[in-house]
Amino acid sequence: MKKIDELLKSLTAEEKTRLFNGKGNWNTFDADGKVPTFSMADGPHGVRKQDDENYRDLNVSKLATCFPTASALASSWNLETIQKLAHALADEAIGSNVDVLLGCGVNMKRSPLCGRNFEYFSEDPYLAGILAAEYVKTLQADGVAACPKHFAANNQEKRRMTSNSLVDERTMNEIYLRAFEIIVKNSKPKTIMAAYNRVNGKFAGFNKRLLTDTLRNKWGFDGVVISDWGACINPPECIKAGMDLAMPDSHLYFDKQIKAALENGTLSESDLDKSASRVLKLADEMIEIRENRKKGQADLEENNKIAVDLATDCAVLLKNEGLLPLKQKEVCVIGELAEILKFQGGGSSHINTPKTKNILESLEERNFKVEYEKGYLSGFVKRRKAAKLNKPYQKKALELAKKCASENKPIIFCCGLTDSFEGEGFDRDNMLLPPEQKLLLTEISKITKDIVVVTFAGAPIDFSFEGDEFFAEVSQDVETDKGVIIPVGTIAHGIVKMVEDPKNNGRNGYVDIAFDYPVTPDGSEIPIQASFTTKSTPIKGAAKMVAHHTGYTLLGGVAGGFLALNYLGLGAAIASNGYTVAGGAAVGGAVGLTMAIIKKGKGFMIKPGDEMKIKIQQEIDLPVYTADAFKQEEEELEGLNVRINAVN
């Protein structure tokens, strides 16, 4: 620290003040060369390196590889998959001279309607924390600092700049902070990003209880707290609370506020020095890290192959009634998402990729004879004009479907959440498919039942409409030129039955979905109790979502009971009959749940009909925040046999 103290002393009061704010959009202030700097770039599933002149256009950035999003990666339940991702990300970050990659996203998927769920791992804090910790550890071992985000309780996009997350103490610690705690204690991230929203009335950026009392004093974080871009509302208060770096450049606007606060005594120089020292410490560390890390440009072609491998690790087959794998080489493909792939979400994580093969091209490369109609428009379409604009495409698609059905050709229907329905900055209104896709799929199902539904989405979609169940479905994005693969992924989130009123707040036994503040008849706000209820939520044709106690996830059977494995090893509730395990296990015979983590991140296969014993154990010592909580000790369920029912 002697060197840092000397650097700090060499700066004028104005330079120390300026150090709190970034220079341009992606770099720290260098005090005219007096101090070292570090650079940043958006992640978390690709390196979005931008020049300052293109800052306002999120889609303009340097070419990079788009790897599977966190919503897909979590379905692998595999630490080795996360390691491969982080190595490749570090490779591209170093090739682009990036020191800090802004990722990974570890907010809880509190609701399936959050528009940014594709950037987050799970609704389960333990799973999200373990995967994120591996991401951070591997990325930083390769010489690129990680920046887990968004700290904390940032679980909606609608009004994210002003929303107020009202959370009780136990829920906050056991759900919304738990993943960050796992990361800090196990992987020591060099930075953490403070969120936009308020937490219990106070903005996260100047919430001392979050940034200092919890993050630094309780967990031992010694890195740099960086604001989300534009999340620094009150610079003096942010500094006092524990923020170190406000991004992006305010062009001296923040400097004036800090100077005034120093002069009137509302901000002490010692508080400013603490923040400045932490920024200088990381900048100085990056000098040695740059010297020791691998040099050279990344091989985008090779990294694209890695991305395909990762995607195959994540593929989930929800249901199959004998149609897959396809036995004939003549197929009908309907849906513009087969032509214009939706393999990433929009916003700050948007990656500008080299040309990618779409589904049509990949099928043709594998010698399939393809007949295709787009059926609907997947680009931005004003909703009041959508029905009229899509009508001619729907007509052609239905004519092709009738023709192909008469020739016994299976139909591959490509659908999902387009940029109009999912992305950063807004939330979904419901869990339904876009209306034009729902209408088209319903009409096709009246023509034939030989339909393979391929979804492109970062969150659950309700397919149980019009009395039909469309769960002969492949979820996640897999290049077909990889060849025939067995989908071994297991969904890392519950598939819930839709709550008609998004202000339900859990009062009917479902997951609470409260994007606007729920209010009582007298107009007072209801605090958001984020833990799930103890009531299971059934959905036709898929898994049950089982919630218990503090809200840990919940993959369960559908055979008259449920299997609720608590990832902390705190116990399990099981039914007396057989189980069909959710996700990949329901069709491929792969058991997901916690075993992938318990077995050092490696998934494994068992044959349909086989039985096995599962040992549940706790790997990380984490506190429970109630006196009567479960005991924190390893537990083994000697008699637990899980039967994997055979599914065609």
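Condition check ((1) more than 21 Å from Leu127 (Cα to Cα); (2) within 23 Å of the chain's Cα centre (by Cα); (3) assigned to a helix (DSSP H, G or I)) across all residues:
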{"position": "Glu157", "(1), (2), (3)": "yes, yes, no"}
{"position": "Met172", "(1), (2), (3)": "no, yes, yes"}
{"position": "Ile183", "(1), (2), (3)": "no, yes, yes"}
{"position": "Ile192", "(1), (2), (3)": "no, yes, no"}
{"position": "Ile239", "(1), (2), (3)": "yes, no, yes"}
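Go through region 211-229 residue by residue and tally those that are buried (at least 23 other Cβ atoms within 10 Å of the Cβ) and touching a helix residue (DSSP H, G or I) at 6+ places or on another chain (Cβ under 6 Å).
The qualifying residues number 5.
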task: Please find, among Glu407, Glu361, Glu339, Glu365, the residue that is at pLDDT below 90 and open to solvent by 50 Å² or more (accessible area, probe 1.4 Å).
output: Glu365
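Checking the structure you have, find out if any residue of region 276-295 is over 27 Å from Ala93 (Cα atoms) and assigned to a helix (DSSP H, G or I).
No, that holds for no residue.
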query: Out of curiosity, is Ile444 modelled with pLDDT of 75 or more and either closer than 22 Å to Glu339 by Cα or open to solvent by less than 30 Å² (accessible area, probe 1.4 Å) (or both)?
result: yes
- prompt: Within region 94-111, how many residues are surrounded by 24 or more Cβ atoms within 10 Å (Cβ to Cβ) and either modelled with pLDDT under 95 or under 19 Å from Ala152 (Cβ atoms) (or both)?
  reply: 9
task: Please give the number of the condition Lys137 fails out of (1) under 18 Å from Gly43 (Cβ atoms); (2) out of contact with any His (no Cβ under 9 Å at 6 or more places or on another chain); (3) crowded, with 24+ Cβ neighbours inside 10 Å.
output: (3)
- line: Output for Cβ contacts, cut-off 6 Å, separation at least six or different chains, first residue in contact (Cβ under 8 Å) with a residue 40 or more places away in the chain in region 294-307, second open to solvent by less than 100 Å² (accessible area, probe 1.4 Å) and among the aromatic types (Phe, Trp, Tyr), reads Ala307/Phe67
Hey, Leu211 within 27 Å of the chain's Cα centre (by Cα) and not polar (S, T, N, Q) or not: yes
field: Residue in region 71-93 that is more than 16 Å from Ala311 (Cβ to Cβ), open to solvent by 10 Å² or more (accessible area, probe 1.4 Å) and assigned to a loop (DSSP other than H, G, I, E, B) present
entry: no
task: Kindly check whether there is at least one residue in region 367-379 that is part of a loop (DSSP other than H, G, I, E, B), among the hydrophobic types (A, V, I, L, M, F, W, C) and in contact with a helix residue (DSSP H, G or I) (Cβ under 7 Å, 6 or more places away or on another chain).
output: yes
statement: Scanning region 368-387 for residues that are modelled with pLDDT of 90 or more and open to solvent by 80 Å² or more (accessible area, probe 1.4 Å) gives Lys369
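The values are calculated or read from the model by the stated rules, or taken from the named source; none is laboratory data. Just so it is clear, the model here is predicted, and its values are computed rather than measured. Glycine also receives a Cβ, built like all others from the backbone with ideal geometry; neighbour counts cover every protein chain displayed. Remember, those area values only see protein heavy atoms, side chains included, never the ligands or the DNA or RNA. Shrake-Rupley method; radii C 1.70, N 1.55, O 1.52, S 1.80 Å.
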